[in-house]
Amino acid sequence: MPSIIVQNIVKNFGSYIAVDDVSFSVEAGEIFGLLGPNGAGKTTSIRIILDIFKPDSGTVSILGGPMSEEKKNNIGYLPEERGLYQDIPLERCLVYLATLKGMENSLAQERVNKYLVRFDLIEWRKKKVKELSKGMQQKAQLITTLVHQPQIIVIDEPFSALDPVNTQMVKDLLREERDSGKTIIMCTHQMHQVEELCDRLVLIDHGQSMLYGTLHDVRKQFAKPAVALSTPDPLPALIPGVDSIKQENSDYTLHLLPGHSTQELLQTLVKANIHIEKFEIAMPTLDEIFIDVVQKQGAVQ
């Protein structure tokens, strides 16, 4: 059974429809992408899942049933806005927040220190939170999300303010949590991170679910008749069956004319003695799909 089941949730604020009949499920042991432009309804959906907002209609099942106070202690939430106490030392802040999740003080202290070492913050543990950089505060916020070892992890823009080294560390950590069977919902505008990390995704726009499924299926749905080709040889300007050619160094994207197949193109290139290092169906990036869906939805609205 999925850890989270969202069924036909609707949420209105006066005449404004924030979430309009959205459904999806999230399995244990996966990273699930919750995507959408600003104002799409993502945050409202998260708040409904976390029982901060009540839906006007529809249901949410968490770990086999309705939300309870006990289940809330089994959830880790990283909001986009930081929620740390700024005027107390980092270590004291993290330990206190961990105890709010039901942890004994000694266990909280032990786990916090382990995370401080892993996140390279141990030397800053006695500094006030407000003295830390934005990147350090983001790492501290992640510690508060994970320290009580929640079964469900909801993270909103987890890579905000992080440099490449720390971004990679967080990605490795999220994969570890997924592989241990945790349920992870990730909200982000960084589509390349979704492509790298997420097993499945839902794209919400204007409060409605526009795309839902595995990353492969979503990309396949939007694939156009095109080929990604790598060759050290120059290509002729005109190739039978090819509508247009886009080149980046030795990599080409060839868009086919209607009625022409990739097999025909391959045979044409071989006959022309073109040395082929890579030949595969060109799949759109998630960035391209995101823009396409959002722009079309905006035109409809």
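Quick check on region 4-24. Is at least one of its residues surrounded by 22 or more Cβ atoms within 10 Å (Cβ to Cβ) and in contact with a Pro (Cβ under 6 Å, 6 or more places away or on another chain)? The answer is yes, given that some residue of region 4-24 is surrounded by 22 or more Cβ atoms within 10 Å (Cβ to Cβ) and in contact with a Pro (Cβ under 6 Å, 6 or more places away or on another chain). The residues in region 119-130 that are surrounded by 17 or more Cβ atoms within 10 Å (Cβ to Cβ) and over 10 Å from Leu94 (Cβ atoms) can be counted, and the count is 2. Look at (1) more than 30 Å from Thr188 (Cα to Cα); (2) touching a His at 6+ places or on another chain (Cβ under 9 Å) and you find that Lys246 fails only one, number (1). Residue pairs whose Cβ atoms lie under 6 Å apart, separated by 6 or more positions or on different chains, with the first residue in region 1-22 and part of a strand (DSSP E or B) and the second surrounded by fewer than 14 Cβ atoms within 10 Å (Cβ to Cβ), are Gln7/Thr59; Val10/Ser57; Asp21/Asn8. Let me confirm something: among Leu116, Leu97, Leu35, which residue is in the same structural domain as Gly181 (by TED's automatic domain parsing), surrounded by 16 or more Cβ atoms within 10 Å (Cβ to Cβ) and touching a strand residue (DSSP E or B) at 6+ places or on another chain (Cβ under 6 Å)? The unique qualifying residue is Leu35.
Take the conditions at positive phi, in contact (Cβ under 8 Å) with a residue 12 or more places away in the chain and over 17 Å from the mean Cα position of the chain (by Cα) and apply them to Leu50. Does it pass? Taking the combined requirement at face value, the residue does not satisfy it.
The values are calculated or read from the model by the stated rules, or taken from the named source; none is laboratory data. Just so you know, these numbers come straight off a predicted model, no measurement behind them. Counting neighbours? That spans all protein chains shown, and the Cβs are built from the backbone with ideal geometry, glycine included.
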